[in-house]
Amino acid sequence: MPPSPRGIDSPGADGTGKTETGRVASQETAPLTIVPFYCGSQRSLLEPLAKELMAAFSLPVERQPPGFDPEMAYDSARGQYNSRILLALLLRHHQGPGKLLGVTDADLFIPVLTFVFGEAQLDGRVALVSSHRLVPERYGLPADPAQLQARLAKEAIHELGHTFGLVHCANGRCVMASSPQLTGVDLKTARFCVDCRDALRRRRSRPSTAGP
Amino acid sequence: MTKKQASILVVDDEFAVRDSLSHWFRKDGFDVHEAESATDALKALDSQSFDVALVDLKMPGMDGLELQERIHQIDPQIGVIMITAFASVETAVRALKQGAFDYVTKPIDPDELSHLVRRCLEQRSLREENEKLRETIDDLVGVSTIVGESPPMLKVLELVRHVAETDATVLIRGESGTGKELIARAIHAASRRRYFPIVPLNCGALPGDLLESELFGHERGAFTGAQYRRKGKIETADHGTLFLDEVGAITPKMQVDLLRVLETKEVTRLGANRPTKVDFRVICATNEDLENAVKEKRFREDLYYRINVFAIEAPPLRARPTDVPLLAEHFRQLFARQMDKRITSISPEAMEVLTAYDWPGNVRELSNAIERAMVVGKPPVIRPQDLPVRPAGATSGPGDSLLAVEKRHIAEVLERADWNITRAAETLGIDRVTVYNKIKKYGLRR
């Protein structure tokens, strides 16, 4: 049975902000963890992505194998993966401090929408990004690894931004701009605008509220 | 100023849908509230207001269409977007007819959903802005801006309210400075035409040819200098009100043209071949004795009857002395705000001077007197020496007629202004045309 996504929006299971060992995790230093699954041919994107994330958040980036079965999130009627369930699986899998980013080539959806490029727990601990709909070939265009790399980095930074409590930004060039279409992804940059950068700094300097 | 966080109510019996939507919109910075049934949604509406409601069409118990109706009974401003798993044109049409903002079928394209909600919020904010502007206009130009509690003024206000509801042509008569234009604006502001323009035109200030072009407009090349096509004041007043001040001053030829326009409600620009239909109301004002002008054949009788459908007499200020303190205080507050000057009252002595004076220039003269006192006076009080008027009787004897006092006063002001008509008009609180008329009337010479 797939885990219920109920409650995954509530950061910190007990609300104390403490880890299993009782220490308060600081968002300032805790590493970002990449969990690749179903990456297939896109595996080569992971290394450059780690570098982009390191630069964007000034945090060490680690890599972990998935400790869950992603098939639990597969919806056979839609032929897509339910990103809400995947987030719940990632959260259950996440043991250490810091944020965890699932990276996949699977086609993601949330029940009411046709697809999503990624998902995140707002002000939480886990995020998810998919390269499936970022690939130019999907739209009949020639392969462009650099463009795919840039798109994936933007969406990954965007989703991780949500885990730090950032909401969508009205500045179309900011990485936190809402981009439900590829044109929006291509128009924005991989950088935070001044306001979002300040908000990110403020949020990172406070103790994490996220428990295991 | 921080922008208010927009709020969304998500109503769906399926947890996964509610959860997905609320998560999606929280990332957009919305304040999201979830309801799993119509009953829950109505409870939420009791305690909180929402900008947008996303409502599932098929729910156990009360369905989306019925909920939409109930939502709009509670708050007609909420934009309702219906969501359903089954596209049915019939239901969609029903929802839209009942006032839904739009209708989407699950699963929704993320871009479409974002656009839809943004448009819904934009429409709501435009509607709110429009309402606020309308309220501001009502406040600014409403009948309440006419200050006065004296019986003659209360009668005028009663007539204004009465005639505003109709489309009748109004003739406002009264001495210069009695507030004829203010009365015209009050009629317009209380009428169904209030959200369209009131277009004022001083017929006495323009020579015949220019007045014709101003009123009727002209085509390109209609006369030398007509380089562009231009709408006239009548066309500009379409759906609104045309206010013709000093209507007694228009030339005989213009009287014929104006009468035709008033009767046909059609205007032909100078140089044009075809007339244009215009829907406007006419309010005229005059300080002339039009009956006498008709007798002397200076004013067409048919036009006189056409514009004199409903007459309002603007009383001179001396006929309503009890309004002087109210008006003085009104102008003090107005100019204190405009000049940002902390003059907080008018001294009892100064008020005595104001009430004793007979104000030949009427309210305009009083307004100018207070404005001048605000400029020369020292905070916090207006004193008698700050006023440009002297108590009645200081320069005239009790046996003098009003005309004699007016003549002497105008002559004095003209002398003081070295016969500069503009300055004299400003001091007297009347317009330049009236100063010329008074000079002619009293045979004044330098």
query = In the stretch B:13-48, which residues are within 22 Å of residue B:111 (Cβ to Cβ), among the hydrophobic types (A, V, I, L, M, F, W, C) and assigned to a helix (DSSP H, G or I)?
reply = B:16, B:17, B:21, B:24, B:25
task = Please work out which one of (1) charged (D, E, K, R); (2) modelled with pLDDT under 90; (3) under 28 Å from the mean Cα position of the chain (by Cα) is the condition residue B:313 fails and give its number.
result = (2)
key: the stretch B:60-86: number of residues that are within 14 Å of chain A (Cβ to nearest Cβ) and either without any contact (Cβ under 8 Å) to a residue 24 or more places away in the chain or closer than 27 Å to residue B:126 by Cα (or both)   = 3
ask   = Based on what the data block shows, is residue B:263 in contact with a helix residue (DSSP H, G or I) (Cβ under 6 Å, 6 or more places away or on another chain), of a type in the set (Asp, Glu) and farther than 19 Å from residue B:146 by Cβ?
value = no
request  = List every residue pair whose Cβ atoms sit under 7 Å apart, with the two residues 6 or more apart in sequence or on different chains, where the first one lies in the stretch A:169-183 and is within 13 Å of chain B (Cβ to nearest Cβ) and the second, anywhere, is polar (S, T, N, Q).
outcome  = A:177/A:171; A:178/B:114; A:180/B:114
ask   = Of all residues in the stretch A:43-83, which are within 22 Å of residue A:94 (Cβ to Cβ), of a type in the set (S, T, N, Q) and either in contact with a strand residue (DSSP E or B) (Cβ under 9 Å, 6 or more places away or on another chain) or in contact (Cβ under 8 Å) with a residue 60 or more places away in the chain (or both)?
value = A:64, A:82, A:83
inquiry  = Checking residue A:140 against (1) surrounded by fewer than 24 Cβ atoms within 10 Å (Cβ to Cβ); (2) at pLDDT 90 or above; (3) on the phi < 0 side of the Ramachandran plot, only one condition comes out false. Which one?
reply    = (3)
request  = Select the helices (runs of 4 or more DSSP H) contained entirely in the stretch B:105-204, then report the ones holding at least 3 residues which are in the same structural domain as residue B:30 (by TED's automatic domain parsing).
outcome  = B:110-141
Residues that are hydrophobic (A, V, I, L, M, F, W, C) and touching a Pro at 6+ places or on another chain (Cβ under 8 Å), drawn from the stretch B:347-365 = B:350, B:351, B:353, B:354, B:356, B:359
key: Residue that is farthest from residue A:31 (Cα to Cα), among those in the stretch A:144-156 that are crowded, with 21+ Cβ neighbours inside 10 Å and away from chain B (no Cβ under 14 Å)   = A:151
query = When both residues are 6+ apart or on different chains and their Cβ atoms are under 6 Å apart, which pairs have a first residue that lies in the stretch B:207-235 and is over 11 Å from residue B:270 (Cβ atoms), and a second that is at pLDDT below 80 and loosely packed, with under 13 Cβ neighbours inside 10 Å?
reply = B:228/B:220
message = Every residue in the stretch B:13-27 that is of a type in the set (Ser, Thr, Tyr) and either within 15 Å of residue A:168 (Cα to Cα) or more than 7 Å from chain A (Cβ to nearest Cβ) (or both), please.
response = B:22
inquiry  = I'd like the full set of residues that are in a helix (DSSP H, G or I) and either over 11 Å from residue B:366 (Cβ atoms) or within 24 Å of the chain's Cα centre (by Cα) (or both), limited to the stretch B:319-329.
reply    = B:319, B:323, B:326, B:327, B:328, B:329
query = Which residues, taken from the stretch A:130-143, are within 12 Å of the chain's Cα centre (by Cα) and more than 14 Å from every other protein chain (Cβ to nearest Cβ)?
reply = A:131
ask   = When only residues in the stretch B:45-59 that are surrounded by 17 or more Cβ atoms within 10 Å (Cβ to Cβ) and more than 10 Å from every other protein chain (Cβ to nearest Cβ) count, which is farthest from residue A:176 (Cα to Cα)?
value = B:59
task = For residue B:271, work out the one condition from (1) over 27 Å from the mean Cα position of the chain (by Cα); (2) more than 20 Å from residue B:409 (Cβ to Cβ); (3) not assigned by TED's automatic domain parsing to the domain that holds residue B:227 it doesn't fulfil.
result = (3)
request  = For the stretch A:64-98, name all the residues that are of a type in the set (A, V, I, L, M, F, W, C), surrounded by 17 or more Cβ atoms within 10 Å (Cβ to Cβ) and not in a loop (DSSP other than H, G, I, E, B).
outcome  = A:73, A:85, A:86, A:87, A:88, A:89, A:90, A:91
request  = Select from the stretch A:99-121 the residues that are under 22 Å from residue A:29 (Cβ atoms) and within 11 Å of chain B (Cβ to nearest Cβ) and write down the one among them that is surrounded by the most Cβ atoms within 10 Å (Cβ to Cβ).
outcome  = A:120
Selection within the stretch B:280-297 - free of Cβ contacts under 8 Å to residues at least 24 places away in the same chain and either part of a loop (DSSP other than H, G, I, E, B) or in contact with a strand residue (DSSP E or B) (Cβ under 8 Å, 6 or more places away or on another chain) (or both) = B:289, B:296, B:297
ask   = Of the conditions (1) under 14 Å from residue A:57 (Cα atoms); (2) surrounded by fewer than 17 Cβ atoms within 10 Å (Cβ to Cβ), residue A:172 fails just one. Which one is it?
value = (1)
message = With the structure loaded, tell me whether residue A:166 is assigned to a loop (DSSP other than H, G, I, E, B), within 14 Å of another protein chain (Cβ to nearest Cβ) and surrounded by 24 or more Cβ atoms within 10 Å (Cβ to Cβ) or whether it fails that test.
response = yes
ask   = For the stretch B:100-123, how many residues meet the condition of being at the interface with chain A (Cβ under 9 Å from one of its Cβ atoms) and crowded, with 18+ Cβ neighbours inside 10 Å?
value = 6
query = For the stretch B:49-78, how many residues meet the condition of being more than 22 Å from residue B:108 (Cα to Cα) and in a helix (DSSP H, G or I)?
reply = 7
request  = Of the conditions (1) surrounded by fewer than 14 Cβ atoms within 10 Å (Cβ to Cβ); (2) within 29 Å of residue A:196 (Cβ to Cβ), residue A:41 clears all except one; give me its number.
outcome  = (2)
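The values are calculated or read from the model by the stated rules, or taken from the named source; none is laboratory data. What you see is a predicted model; the values in this text were computed from it and never measured. Virtual Cβ from ideal backbone geometry, glycine too; neighbours counted across all protein chains shown.
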